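All remarks here apply to the structure that follows.
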Amino acid sequence: MSSRPAARRPTPPAADEPPRESSPTPNQPNSVQLGPRDRLIGQLYIEGDLRVGGVIEGEVEATGDVEIDDMANVKASLAGRDVSIHGHVNGAVVARKRLIVGRSGSLIGDVRVARLVIQDGASFSGKVSMGAGADKPVKAPEAPSAPVAPPKPEVQAVVEAVFEAPARVAEPTVVPPPVAKPAPGKPSITRLPATRVAVPPARPASKDGKGKTVPPKGKPKRR
Amino acid sequence: MESAPVETDGQTDAKRDGTKKFTLGPNDSLEGKLTYGGSMTVDGGHAEGEFRIGGNIEIGNGTVVKALLEASNVTIKGEVEGKLTARDKLTLGKSAKLNGDVQVKRLQIEDGATLNGYVRMGDFEQQAGS
């Protein structure tokens, strides 16, 4: 969909990004930084912190903190632990811990947070869900996201792909996250229904079987 | 601390800006519709209904208010349930709990405050259009 513009982009992010100096070790939480001239269109999942100074469109999820700088322009749903917004954000925000909208920040979108700080001067429009009502929904996503942890290699691949080969980013970034995210979640969900679903099909099958077997039984009786 | 802090009590405070002030204390209660040109303070009292205030509204710590509120500046430190319109600014203090949709020009929420509802922000002329 929106992968082409990203693919067209030259490779400045790879050249600019110093974070890869030390090869990212899977156990250490990494921090990803997109500068003011960087741009991401698609889905991003990161184990660690994310700092955005440029343009993002799509979907962003970080296990750590998300920071949107003054100059950033984000049209994406954001999810993170602590989320702080100082630039423009248009999209839903989920903060497992706290959302801060700074005085230079503007946010349009629905918000689900545990704690919320809006500084004077900030601009915000949307629905807010927090407190007792939001606690359960907020914690609920954490459970599914915990199993997300295992596929670290995939995640690392995504992050590296973003910096190493932005030209290829379009495909890898778009493809892996759906695989990584739903994979841990869906199996547990689908398995439950699967066992239940398996029963109903069995019944119609047996009905069909009876339906076919009944006539022969009936016919002899009639005749 | 600037001039003479000792003399500025609650009483002189009301006179200072020349506006009327409506205060509900811990033993006071109000149920119904109120349209009032001055400012309103609910501090520990019970208030329920519809309050359209020309000045500011302040809901003190530990106060529970169930009402439709409309005022220039609204400061909440207690609990409020109902639709709220702040022609200028809404401030939610650390201990504030607000349940209801909000229309404001400016918004400040301190850490610790709880808010559940839709927030609309912007000029009120545009509000009719959108």
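The values are calculated or read from the model by the stated rules, or taken from the named source; none is laboratory data. Nothing here was measured: the structure is a model prediction, and the numbers come from that model. Every residue, glycine as well, gets a Cβ built from its backbone with ideal geometry; the counts of neighbours run over all protein chains shown. The accessibility values were calculated without ligands, DNA or RNA, using every heavy atom of the protein model including side chains. Shrake-Rupley method; radii C 1.70, N 1.55, O 1.52, S 1.80 Å.
With 0.36 nm allotted per residue and the present C-alpha distance subtracted, the B:V64-B:E48 stretch has 4.9 nm of extension available.
Using a simple spin-label model with pseudo-atoms 7 Å out from Cα toward Cβ, B:D101 and A:R103 lie 3.1 nm apart. Classified by the C-alpha gyration tensor, region B:24-122 has an oblate form. Its axis ratio a/c, with a ≥ b ≥ c, is 1.5 or above, and a/b does not exceed b/c.
Counting Cβ atoms of other protein chains within 10 Å of each residue's Cβ and taking the mean over peptide A:34-45 gives 0. Secondary structure note: in region B:32-130, about 0% of the DSSP beta bridges are antiparallel.
Neighbours of B:N99 by Cβ distance under 12 Å: Lys/Arg scored +1, Asp/Glu scored -1, total 0.
Close amide H contacts of B:I57 (hydrogens built in the peptide plane, cut-off under 5 Å, sequence separation of 5 or more or a different chain): B:M40, B:S72, B:N73, B:V74, B:T75.
Rounded to the nearest Hz, the phi-derived 3J(HN,Hα) couplings of region A:32-45 under the Karplus curve 6.51 cos²θ - 1.76 cosθ + 1.60 (θ = phi - 60°) are 10, 10, 10, x, x, 9, 8, 8, 9, 10, x, 10, 9, 10, where x marks glycine and proline. Remark: accessible area buried at the B-A interface is about 1400 Å², both chains counted, probe radius 1.4 Å. Partner shielding of A:110-116 amounts to 3, given as the average count of beta-carbon atoms from other chains within 10 Å of each residue beta-carbon.
Cross-link check: pairs A:K127/B:K105; A:K127/B:K66; A:K97/B:K66; B:K20/B:K94; A:K127/B:K89 evaluated at a Cα-Cα cut-off of 23 Å; pairs beyond the cut-off: A:K97/B:K66; B:K20/B:K94.
Applying the Karplus relation 6.51 cos²θ - 1.76 cosθ + 1.60 with θ = phi - 60° to region B:57-72 yields 3J(HN,Hα) values of 10, 10, 10, x, 4, x, 8, 10, 10, 10, 6, 7, 10, 9, 6, 6 Hz, where x marks Gly and Pro. Under a 5 Å amide H cut-off, with hydrogens placed 1.01 Å from N, B:T114 pairs with B:A96, B:K97, B:L98 among residues at least 5 apart or on other chains. Give me the inter-chain shielding for A:119-127: mean count of other chain Cβ atoms within 10 Å, whole number please. Per-residue shielding by partner chains comes out at 5.
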